[in-house]
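Peer 1: Pasting a structure here, questions to come.
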Amino acid sequence: MLADALVVATRLSVALHRTGDYLSAWETARAAADLSERQLGAEHRLVLATRSRAGRALFRLERYTEAELLLERVRAAQKRLFGADDPDTLDSGHGLQLVLGNLGRRDDALSLLRSTIAGRRTTLGHAHPLTLRSRSSLLVLLSASEVVTEEDGVLLHLPSECVRFLGPDHTVTLGARHNRAWALYLLGRFDEADQEIQLVTESYRRRFGPDYPIALSAQQLLS
């Protein structure tokens, strides 16, 4: 019964995260993990997954050092217990590369992201939303010269893949368009970047409202 309650609490944390209420998402995940750990143990799969969600929320709160320490600890335990290509291990890896990128450790972030993509392709398949989301992160981490050669030059067409597999309005598709707009901006292809980010901005505003964090990020790039 406790495990079931922890699953519900983790889902609540995810839902809060998706509304942009990152502080409540962190507090919910942290409290649920602390309470459950007493009976289930620190290395229970569900406890570790909830700690990972807390780390993702810390990242969004820009508490990067705390997020790095937590996600590294969780991922190391998941890797030892469940394997490098376990979905939970890969999820923590995706979260950790975001933190490393924002800490200026680009090479570490890129190495971890590529291993996460490879693992998700093997475990989940190339068309899975999480695989596509991780590939989308490459569009932000890579330099202008790298992005045009990555994956034999097809990475810039990732939004088209997302549309084919997920549909044009899926959150992962919009995220891929957002990141592609940034890559196009770096490449100096400003008209294409402008068209892409205008579409994304309008979609975010319509779906989430003008003050949603990701909508504000898109508006900043548009400006």
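The values are calculated or read from the model by the stated rules, or taken from the named source; none is laboratory data. Worth saying up front: this structure is predicted, and the values here are computed from it rather than measured. No Cβ is skipped: glycine too gets one built from the backbone with ideal geometry, and neighbour counts run over all protein chains shown. We work out accessible area using only protein heavy atoms, side chains counted, and drop any ligands, DNA or RNA first. Shrake-Rupley method; radii C 1.70, N 1.55, O 1.52, S 1.80 Å.
Peer 1: Restricting to the range 66-102, name every residue that is open to solvent by less than 20 Å² (accessible area, probe 1.4 Å) and in contact with an Asp or Glu (Cβ under 7 Å, 6 or more places away or on another chain).
Peer 2: Ala77, Gln78, Leu96, Val99, Leu100
Peer 1: Determine which single condition Arg51 fails, assuming it passes every other condition in (1) closer than 26 Å to Thr173 by Cβ; (2) touching a helix residue (DSSP H, G or I) at 6+ places or on another chain (Cβ under 7 Å); (3) open to solvent by 20 Å² or more (accessible area, probe 1.4 Å).
Peer 2: With (1) closer than 26 Å to Thr173 by Cβ; (2) touching a helix residue (DSSP H, G or I) at 6+ places or on another chain (Cβ under 7 Å); (3) open to solvent by 20 Å² or more (accessible area, probe 1.4 Å) applied to Arg51, the lone miss is (1).
Peer 1: Moving on. In the range 7-48, what count of residues is obtained for those that are over 22 Å from the mean Cα position of the chain (by Cα) and either closer than 21 Å to Asp86 by Cβ or surrounded by 15 or more Cβ atoms within 10 Å (Cβ to Cβ) (or both)?
Peer 2: 8
Peer 1: With (1) touching a Pro at 6+ places or on another chain (Cβ under 7 Å); (2) under 28 Å from Glu202 (Cα atoms) as the list, and Thr123 as the residue in question, which single condition is left unmet?
Peer 2: Of the numbered conditions (1) touching a Pro at 6+ places or on another chain (Cβ under 7 Å); (2) under 28 Å from Glu202 (Cα atoms), the odd one out for Thr123 is (2).
Peer 1: Okay, next question. With respect to Arg63, is the statement that it is open to solvent by 50 Å² or more (accessible area, probe 1.4 Å) and within 24 Å of Ile214 (Cα to Cα) true?
Peer 2: Judged against the criteria, Arg63 is a match.
Peer 1: Turning to a different aspect of this structure: Of all residues in the range 49-68, count the ones that are within 13 Å of the chain's Cα centre (by Cα) and charged (D, E, K, R).
Peer 2: Qualifying residue count for the region: 3.
Peer 1: How do the helices (runs of 4 or more DSSP H) wholly within the range 103-218 filter down when requiring 1 or more residues that are within 21 Å of Arg60 (Cα to Cα), open to solvent by 30 Å² or more (accessible area, probe 1.4 Å) and not acidic (Asp, Glu): which remain?
Peer 2: Filter on the range 103-218 gives 106-123, 129-141, 171-186, 190-208.
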